[in-house]
Amino acid sequence: MLTIKQLLMMFIMGATFSVAAHAEYINKNAMLYKDQNQKESLGKIYVASQVKVLSQNGSISEVEFTGFAPEDSPLVYEKPGVLMMGFEGSDFADYKVIGTQVDEYDTEWFEVVIKGYVSTALLSEDKNTILQSGKVLFEARCGACHDLHHKEEFVPNVWPSILDNMAPQAGLSGDEKALIEKFLQEQ
Ligand code: HEC
């Protein structure tokens with residue numbers, strides 16, 4: 001039998017843990033590393049993706065990203081059936097599969113978890129501030145040749161191919177393209 005005191009201790013320890021593991025957002029495309037020394041990279045984690053912070057050791061944080069990938073795909077998206085980039089590794093076999101989900105088109109998506117280390121400076125608490133900087137960039141770079149297109153003009157899954165065409169026109173870097181893409185897809 002557990003005493004009241006033991007139960008109380010378990011409750012307090014549980015509460016402390018849940019406060020420590022919290023959600024943050026990647027504020028710039030970044031490499032996710034296998035180890036704290038940041039020697040071996042697992043792949044690229046995309047701007048505005050949500051991660052769970054597991055532990056923090058000064059300038060380095062251990063994080064976990066949960067996303068959705070088609071079978072055998074190294075590309076992991078934020079949601080099943082929505083082509084919002086979350087993580088890009090090199091091999092589906094590296095991912096830990098925790099479940100499957102079927103989208104509205106009957107396509108099966110694998111829910112995968114990727115754990116690794118990033119610089120703490122690449123984490124932000126507020127996703128809106130990140131998306132707002134995407135809006136500023138979009139307004140500065142996408143209205144030179146034609147009127148600015150409204151984000152609702154295209155569904156989230158169409159914006160990536162438009163940006164594949166327009167990023168070279170606007171001279172965007174890979175990071176700038178990813179940020180504008182996330183802003184336009186968030187509807
Ligand atoms: C250097 C000029 C230039 C810049 C800068 C530019 N565009 Fe365009 N855009 C074009 C031209 C020309 C077309 C029409 C022909 C085409 O679709 O390629 C176009 C067409 C489009 C269309 C319509 C596509 C369709 O299928 O109806 C969208 C949406 C668009 N641009 C978005 C953007 C975004 C977002 C940016 C910023 C990343 C951007 N453009 C920057 C020249 C530009």
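The values are calculated or read from the model by the stated rules, or taken from the named source; none is laboratory data. All values derive from a computational prediction rather than experimental measurement. Note that each Cβ is placed from the backbone with ideal geometry, even for glycine, and that neighbours are counted across all protein chains shown.
Being more than 16 Å from the ligand (Cβ to nearest atom), under 16 Å from the mean Cα position of the chain (by Cα), closer than 21 Å to LYS182 by Cβ and assigned to a loop (DSSP other than H, G, I, E, B): is that true of ALA121 here?
No: the conditions fail for ALA121.
For HIS146, work out the one condition from (1) exposed (fewer than 14 other Cβ atoms within 10 Å of the Cβ); (2) outside any helix (DSSP H, G or I); (3) not assigned by TED's automatic domain parsing to the domain that holds SER161 it doesn't fulfil.
(3)
When you scan the range 101-118, do you find a residue that is within 20 Å of the chain's Cα centre (by Cα), within 13 Å of the ligand (Cβ to nearest atom) and surrounded by 13 or more Cβ atoms within 10 Å (Cβ to Cβ), even just one?
Scanning the range 101-118, I find no residue that is within 20 Å of the chain's Cα centre (by Cα), within 13 Å of the ligand (Cβ to nearest atom) and surrounded by 13 or more Cβ atoms within 10 Å (Cβ to Cβ), so the answer is no.
Return the total of residues in the range 42-69 being modelled with pLDDT under 95 and outside any strand (DSSP E or B).
2
For the range 18-41, give me each residue that is in contact (Cβ under 8 Å) with a residue 12 or more places away in the chain, in a loop (DSSP other than H, G, I, E, B) and in contact with a strand residue (DSSP E or B) (Cβ under 8 Å, 6 or more places away or on another chain).
The answer is ALA21, ASN27, ASN29, LYS34, ASP35, GLN36, GLN38.
Can you report the number of residues in the range 74-100 which are part of a loop (DSSP other than H, G, I, E, B), surrounded by fewer than 20 Cβ atoms within 10 Å (Cβ to Cβ) and either under 16 Å from the mean Cα position of the chain (by Cα) or not small (Gly, Ala, Ser) (or both)?
So the answer is 4.
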